[in-house]
Amino acid sequence: MALKTGKEYVQSLKEMNPHPTVYLFGEKMQAPYDHPMVKPSQNAVALSYDLVHDPLHEDLMTARSHLTGQKVNRFCHIYQSRDDLVNKIKMFRMLGQMTATCFQRCTTCDGGNIMYLATYEVDQKFGTKYHERFKKFFRHLQENDLVAGIAMTDVKGDRSLKPSEQADPDLYLHVVEEKKDGIVVRGAKAHQTGALNCHYTVVMPTRAMAPEDKDYAVAFSVPMSSPGLIHIYGRQFSDTRKLEGGCIDMGNPLFGMQETLLIFENVLVPWENVYLYKEYEFAERISGLLGSHHRCSYGGCKTGVSDVLIGATALLAQYNGVAKSSHVRSKITEMITLSETMYGCGLASAYEGHKTPVGNYMNDFLLANVCKLNVARITNQIGQLALDIAGGIVTTMPSERDLHSPEIGKYVEKYLRGVSNVPAEHRMRILRLIENLMFGGGAGGYIVESIHGAGSPEAQKTMIPRESNLSHKISLAKCIAGIKE
Ligand code: SF4
Ligand code: FE
């Protein structure tokens, strides 16, 4: 099948799942795919389809599938080389620059690659047949150019208790019934990025599990149209601006992201779509693989979004007449340096990737975790510098309707100007963009997403010592110091 355009992608969502169950503000959404709250996030995913057909971006956006021999969207690729890992980071930066948000499709490739490896490892240990099943599913994604989101994060209830110890057994997703034709699962997955923009969801365990948690050690894929799947749409700061019919106040009127709370109310999963079933020993491995693989990706996407924020800040400094001021120039330089540090980490993790026993390539996990921890810290610093230069007006500015008001528009135009040759509207647009990047849903709040996406900083701090071989460093020191024991 030919690679889809953005328009064909949206059409395919409607055809595959014409009536998803989605609730927003306590009411069932009618025609959710056409809803103004949803459209910007859908546009961001659609761009990943359209760019494939642009000769300028075709090379970066596509790859040759080792499963089908056909050209596929890079988001549907099983990495066959280090170059594939590097190109993914470059593609993510480019899309971050073009959308200034999370474009949501990355878990298809990141999740696909880790399940490609994990199912092989489980088969090696237990003699199961998961790998062939998963390969068949991924081939189907490639052939039909589809999006499969990863559902990993359980709602977790009391964080001090294991899945099987919770007062309510559904606080981690689990198997409630085993049938001849499949398994029935119940539970909920939180923070489901772009869930409504996906054709499928791929469920994985979120943490290490013990033998008594084995009903929770489950991985599978289901179409978003499966009976029993319910989305509760997540709120974002200033999200109702999308319903006001304007443009300036949205900051990023074209693109955005989306998160839903995804509820599995007795969903039947056919056996052929089950990729882990009670092998609790692999729960930690799968969550660790996804975390460490996806953490490298942040070095691409968040650098791309930072490029927009840095550009917006520099432009605003021009509009304010302070672009030549030495402290502003020094702050912009600092923002660039910080941002390129994230990119450097992401690229380094990709360049240091290795071939796995099943043949695909994995990035370096130590560098990926360092990358993500840096992203969590650095975006905060970049954001602080952006707000420092922008001034308090980011959060006190009158609205677009005031600008266009027949009575008071002239005052907004007069008093919101910076340098005399730039209209107030331009300054307002760039201020709203900065506001959107910092606080809005446009980049998952840029800062919040950078802290908690792909695992919170403590998750990286757990992985870094595990991956860094501290005893080797100690032996180096002993050797140099001449300590013989
Ligand atoms: Fe992709 Fe970045 Fe969004 Fe993750 S946070 S899905 S890597 S754009
Ligand atoms: Fe994310």
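A DSSP coil position with no more than 13 other Cβ atoms inside 10 Å describes the following GluC sites (Glu not before Pro) in region 374-478: Glu407. The trypsin sites (Lys or Arg not before Pro) of region 207-262 meeting both criteria, a DSSP state outside H, G, I, E and B (loop) and at most 14 other C-beta atoms within 10 angstrom of the site's C-beta, are Arg235. Counting every alpha-carbon pair across region 364-485, the share separated by more than 21 Å comes to 59%. Absence of a disulfide-compatible partner, taken as no other cysteine beta carbon within less than 4.7 angstrom, is noted in the chain for Cys76, Cys102, Cys106, Cys109, Cys198, Cys247, Cys296, Cys301, Cys479. Given +1 at the Cβ of Lys and Arg, -1 at the Cβ of Asp and Glu and no other charges, the dipole of the chain around its Cα centre is 980 debye to the nearest 20. Of all DSSP beta bridges confined to the chain, the antiparallel ones make up roughly 80%. Computed from backbone phi with θ = phi - 60° and the Karplus coefficients 6.51, -1.76 and 1.60, the 3J(HN,Hα) list for region 344-361 is x, 5, x, 5, 4, 4, 6, 5, 8, x, 9, 7, 8, x, 8, x, 8, 10 Hz; x is used for glycine and proline. Residue by residue, region 391-400 carries 3J(HN,Hα) couplings of x, x, 4, 3, 10, 10, 6, x, 8, 4 Hz when phi is fed to the Karplus relation 6.51 cos²θ - 1.76 cosθ + 1.60 (θ = phi - 60°); x denotes Gly or Pro. By the rule of a C-alpha distance below 23 Å, with chain neighbours fewer than 8 residues away ignored, the lysines paired with Lys156 are Lys189, Lys214, Lys278, Lys372, Lys461. A cut-off of 5 Å between modelled amide H atoms, ignoring neighbours fewer than 5 places along the same chain, links Ala151 with Val202, Val203, Met204. Short to long, the 10 Å bins of the Cα pair-distance histogram for region 105-173 hold 19, 32, 32, 16, 1 percent of all pairs. The distance linking region 1-46 with region 378-408 is 31 Å (Cα centroid to Cα centroid, whole angstrom). Backbone amide hydrogens, once placed in the peptide plane, bring Leu276 within less than 5 Å of Ala219, excluding anything fewer than 5 places away on its chain.
Ordering Thr337, Thr356 by the number of other Cβ atoms within 10 Å of each residue's own Cβ, fewest first, gives Thr337, Thr356. In the frame of its principal axes, the chain has Cα extents of 73, 71, 50 Å, reported largest first.
Averaging the Cα positions of each part gives two centres, and for region 67-125 and region 201-227 these lie 21 Å apart.
Principal axis analysis of the Cα atoms in region 398-437 yields extents of 31, 22, 10 Å, listed in decreasing size.
With contributions of -39500 (n - 2.57) from each DSSP H run of at least four residues, the per-residue ellipticity at 222 nm computed over the chain stands at -15500 deg cm²/dmol.
Among 58-65, 415-422, 115-122, the peptide with the highest mean count of other Cβ atoms within 10 Å heads the list, and the full ranking is 115-122, 58-65, 415-422. Can you tell which of Gln460, Met438, Tyr411 lies farthest toward the positive end of the dipole of region 364-485, using +1 and -1 charges on the Cβ of basic and acidic side chains (Lys, Arg; Asp, Glu)? It is Gln460. Of the peptides 305-311, 195-201, the ranking by mean beta-carbon count within 10 Å, highest at the top, reads 195-201, 305-311. With K and R counted +1 and D and E -1, the other residues having a Cβ less than 13 Å from that of Lys355 yield a net charge of -3. Report D for region 133-260 in µm² per second (integer): Stokes-Einstein, Kirkwood Rh on Cα pairs, 25 °C, 0.890 mPa s. Diffusion coefficient, whole number: 146 µm²/s. Counting charges near Asp364 (Lys, Arg +1; Asp, Glu -1) among other residues having Cβ under 9 Å from its Cβ returns a value of -2. If you average the C-alpha positions of region 418-477 and of region 126-188 separately, how far apart do those two centres end up, in angstrom? Between the Cα centres of region 418-477 and region 126-188 lies a distance of 29 Å. Ordering of 2-10, 477-485 by packing is 2-10, 477-485, highest average first (other Cβ atoms within 10 Å, averaged per residue). Determine the relative contact order of the chain: mean sequence separation of Cα pairs under 8 Å and six or more apart, normalised by residue count, in whole percent. Across the chain, relative contact order equals 18 percent.
Values in this text are rule-based calculations from the coordinates and carry no lab data. Keep in mind that this is a model prediction, so the values were computed, not measured. Positions of Cβ are generated from backbone atoms using ideal geometry, with glycine treated the same way; all protein chains shown enter the neighbour counts.
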